[in-house]
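Asks: Structure in structure tokens, see below.
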Amino acid sequence: MLNAPSIPRRWPGAMRRPLRALAFGAALAVAAAAPAGAEPLAARIDARVDAVEAKVIAWRRDIHEHPELGFQEVRTAGIVAAHLKALGYEVRTGVGVTGVVALLKGGKPGPVVALRADMDALPVKEEVDLPFASKVTASWGGRTVGVMHACGHDAHVAILMGVAEVLASIREDLPGTVKLLFQPAEEGAPGSRGGAVAMVADCAMRDPRPDPIFGLHVTSGLRVGQIALKPAGLLASSDALRIEVIGRQTHGALPWHGVDPIVVSAQIVMALQTIPSRMIDVTKSPVVVTIGSIQGGNRGNIIPDDVVMVGTLRAHDEEIRGQLADKVRSVAEGIAAAAGARARVSVRRGYPVTFNDPALTAWAQDSLRRSAGAAEILEARPVMGSEDFSVLAKESPGVFFLLGITPADKRPGVTGMGGAAPNHSPRFFVDEAGLKPGVRALSHLAVDFLSRAAQR
């Protein structure tokens, strides 16, 4: 659900430090230098990444042409499961409805590292002129809609399928176990809290429980090959807001005989914007309060009884997330009461902050710099989009990073003439040259972690 591009900057010098000890699960002491014997293995990984690139592109095109909405990813899951079984993985299907979990046990004992990709598409009609453009339609909210991989999950699936093949080719030299999670419904589905919640409930993060979990998201906010990440909050929490303003209906010519909930709602909408600008310390966390829909009344000469507004609340800090909901409730109820109306405010908690474990992120940044090149590794600024990888990262320490897929002739993160369309746009475009860097990054992260942990 990455719906805002990141604006990267170079990693500050303070982050270029020796690797700290990681404390999650069993204590794991690691060194800043590459583990002994890792270089030949790294070269083999790179050779296999090169060899699998054409397959990754073909998988991505096939999945892109046949997108499926959340909890409907039957075809996609079938392709994934067949591929993993052919590679010798232990495969479990139907996890969290349509998810796939696979295990690759290495030839040597060691810890467990998990890698995740989401599989679902969006109810968006594609407007990109491609030979494999989606023409799929489906039912969503009682309407027939176009379906498109407008957020790049097709790329995520293809990348992780490529990683699966790379790691299977070096299985005997892996000191530990790799767990792959192909997750449904990251974008949610009507009446559901999302695919990560469903997979956790179906024990996807147990038996065995991974020591860390890594994931990525393609973004139009970065050029092909660039990778951006940061410690702590990377993506925002996402909570659903509903405000019902209850007035008293009357004739539009006689407003003094009633209480106008439309005027009260307008005052509430404007006042809510003072919360991020005047009531929250935005030096601690950026916040967003958005009203996306207002519904009330059916005639121009009737003041209605009530108005319903729905929106979203976003924050990068869990404490401030709670403050934000409290302040929205206080503002709405106070303004309504002052006008003789009532406000019923409900906040439904959604995805938590996508939190990157700081020590693990420092280690991952060092690993990515070696595999991708120091010039390609950037520090991400906080993104106000949300992701249910955050749910998985509450089960095991996690690192989530952003992968650039904007071609060189487009300006990343800029809409309009000469700019790249953002995630969730019907014109969202993935430059397939960005797929191989994703396969390489996840492959090296997994092997680096297992190799380092094996030396403790």
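The values are calculated or read from the model by the stated rules, or taken from the named source; none is laboratory data. Not measured: the values here are computed from a predicted model. Cβ coordinates were reconstructed from backbone atoms using ideal geometry, including for glycine residues, and neighbour counts include every protein chain displayed. Side chains are part of the model used for accessible areas, which takes the heavy atoms of the whole protein and leaves out ligands, DNA and RNA. Shrake-Rupley method; radii C 1.70, N 1.55, O 1.52, S 1.80 Å.
Asks: Whole-Hz ³J(HN,Hα) for each residue in the range 192-205, computed from phi via Karplus 6.51 cos²θ - 1.76 cosθ + 1.60 with θ = phi - 60°, x for glycine and proline: what do you get?
Replies: Taking θ as phi minus 60°, the curve returns 10, 8, x, x, 5, 4, 5, 5, 4, 5, 9, 6, 5, 9 Hz for the range 192-205.
Asks: Also, quick follow-up: Of all accessible surface on the range 375-441 at a 1.4 Å probe, what whole percent is carbon and sulfur?
Replies: Carbon with sulfur: 54 percent of the solvent-accessible area.
Asks: Treating the angle as unsigned and between 0 and 90°, give the value, to the nearest 10°, between the Cα long axis of helix 358-372 and the longest Cα principal axis of the chain.
Replies: Taking the Cα atoms of the chain, the angle to 358-372 is about 60 degrees.
Asks: Report, by chain and number, residues whose modeled amide H sits under 5 Å from the one on SER238, excluding near sequence neighbours (fewer than 5 apart, same chain).
Replies: Answer set, sorted by chain and number: GLY350, TYR351.
Asks: Assigning unit charges at the beta carbon (Lys, Arg +1; Asp, Glu -1) and nothing else, what dipole magnitude in debye, to the nearest 20, does the range 310-450 show about its Cα centre?
Replies: 540 debye
Asks: When the convex hull of the Cα atoms of the range 178-236 is projected onto a plane and the area is averaged over all directions, what value comes out in nm²?
Replies: Seen from a random direction, the Cα hull of the range 178-236 projects 5.9 nm² on average.
Asks: Of GLN365, GLY398, SER386, whose Cα points farthest to the positive end of the dipole of the range 348-406 (charges on the beta-carbon: +1 Lys, Arg; -1 Asp, Glu; origin at the Cα centre)?
Replies: It is SER386, whose Cα lies furthest towards the positive end.
Asks: Please turn the phi angles of the range 177-185 into ³J(HN,Hα) values with the Karplus equation 6.51 cos²θ - 1.76 cosθ + 1.60 (θ = phi - 60°), one per residue in order, whole Hz, x for glycine and proline.
Replies: Going residue by residue, I get 10, 10, 10, 10, 10, 9, 9, x, 6 Hz, with x marking Gly and Pro.
Asks: To the nearest 10 square angstrom, what accessible area does HIS251 show with a 1.4 Å probe?
Replies: Approximately 100 Å² for this residue.
Asks: So for the chain, taking the charge dipole from beta-carbon charges (+1 Lys/Arg, -1 Asp/Glu), which of THR250, GLY296, SER237 sits furthest toward the positive end?
Replies: SER237
Asks: Taking Cα atoms, how many degrees apart are the long axis of helix 318-338 and the longest axis of the chain, rounded to 10 and kept between 0 and 90?
Replies: Roughly 10 degrees between the two axes.
Asks: Hey, another quick one. Carbon-plus-sulfur fraction of the accessible area of the range 248-360, 1.4 Å probe, in percent?
Replies: The C+S portion of the solvent-accessible surface of the range 248-360 is 54 percent.
Asks: State in Å² the accessible area per residue of the chain; use a 1.4 Å probe, count heavy atoms of protein chains only, and round to the nearest integer.
Replies: 40 Å²
Asks: While we're looking at this one, here's another question. Can you put CYS151, CYS203 in order of accessible area, largest first, using a 1.4 Å probe?
Replies: CYS203, CYS151
Asks: About the Cα centre, and with charges only on the beta carbon of Lys, Arg (+1) and Asp, Glu (-1), how big is the dipole of the chain? Nearest 20 debye, please.
Replies: 680 debye
Asks: What accessible area, in Å² to the nearest ten, does a 1.4 Å probe give for ARG349?
Replies: Number for this one is 120 Å².
Asks: Give, in nm to one decimal, the length gained when the segment between ARG44 and ARG209 is fully stretched (0.36 nm per residue of separation minus the Cα-Cα distance).
Replies: 56.6 nm
Asks: Could you go through the range 159-164 in sequence order and give the Karplus-derived ³J(HN,Hα) for each residue, using 6.51 cos²θ - 1.76 cosθ + 1.60 with θ = phi - 60°, rounded to whole Hz, and x for Gly and Pro?
Replies: Going residue by residue, I get 4, 6, 5, x, 4, 4 Hz, with x marking Gly and Pro.
Asks: Using the Kirkwood radius over C-alpha pairs as Rh, can you work out the diffusion coefficient of the range 117-258 via Stokes-Einstein at 4 °C, viscosity 1.567 mPa s, in µm² per second?
Replies: Roughly 67 µm²/s, to the nearest whole number.
Asks: Could you pull out every residue, at least 5 positions away or on a different chain, whose amide H is within less than 5 Å of the one on LEU174? Hs are placed 1.01 Å off N in the peptide plane, and Pro or chain starts have none.
Replies: Here GLY107, LYS108 satisfy the definition.
Asks: Whose amide H sits under 5 Å from the amide H of ALA189, counting only residues 5 or more places off or on another chain, with H placed in the peptide plane?
Replies: So ALA189 has HN proximity to GLY194.
Asks: Report the one residue of ALA343, ALA185, VAL74 whose Cα lies farthest in the direction of the positive end of the charge dipole of the chain (charges on C-beta: Lys and Arg +1, Asp and Glu -1; origin at the Cα centre).
Replies: The listed residue farthest towards the positive side: ALA343.
Asks: State the number of lysine pairs found in the chain whose Cα atoms come within less than 16 Å, restricting to pairs 8 or more positions apart or on distinct chains.
Replies: 7
Asks: Another question, then. If each residue of separation counts as 0.36 nm, what is the full-extension length gain between VAL145 and ASP326 once their alpha-carbon separation is subtracted?
Replies: Full-extension gain reported as 61.6 nm.
Asks: Let me make sure I get this right: for the range 35-92, a, b and c are the square roots of the gyration tensor eigenvalues over alpha carbons, sorted descending. Under 1.5 in a/c it's rounded, otherwise prolate if a/b > b/c, else oblate. Which is it?
Replies: Note, shape of the range 35-92 comes out prolate.
Asks: How big is D for the chain, in µm² s⁻¹ as a whole number, if Stokes-Einstein is applied with the Kirkwood radius of its Cα pairs at 20 °C and 1.002 mPa s?
Replies: Roughly 92 µm²/s, to the nearest whole number.
Asks: How much of the accessible area of the range 93-139, probe 1.4 Å, is carbon plus sulfur, in whole percent?
Replies: 55 percent
Asks: Just for the chain, what percent of DSSP beta bridges are antiparallel, to the closest 5?
Replies: The answer is about 70 percent antiparallel.
Asks: Moving on to the next point. For the chain, take the longest principal axis of its alpha carbons; what is the angle in degrees between that and the long axis of helix 74-86, to the nearest 10 within 0 to 90?
Replies: 10 degrees
Asks: Could you work out how much longer the chain between GLN249 and ALA138 gets when fully extended? Use 0.36 nm per residue separation minus the Cα distance between them, nm to one decimal.
Replies: 36.0 nm is the gain from fully extending GLN249 to ALA138.
Asks: Output the Kirkwood hydrodynamic radius of the range 83-142, Cα pairs only, in Å rounded to one decimal.
Replies: Final number for the Kirkwood radius of the range 83-142 is 15.4 Å.
Asks: Accessible area of LEU41, 1.4 Å probe, to the nearest 10 Å²?
Replies: So the heavy atoms of LEU41 present about 20 Å² to solvent.
Asks: Another question about this same structure. With the contact rule set at Cα under 8 Å and sequence spacing of 6 or more, what percent relative contact order holds for the chain?
Replies: 25 percent
Asks: Which part of the range 210-246 falls in the paramagnetic zone of SER346, meaning amide N under 16 Å from the point 7 Å along Cα-to-beta-carbon?
Replies: 239-246
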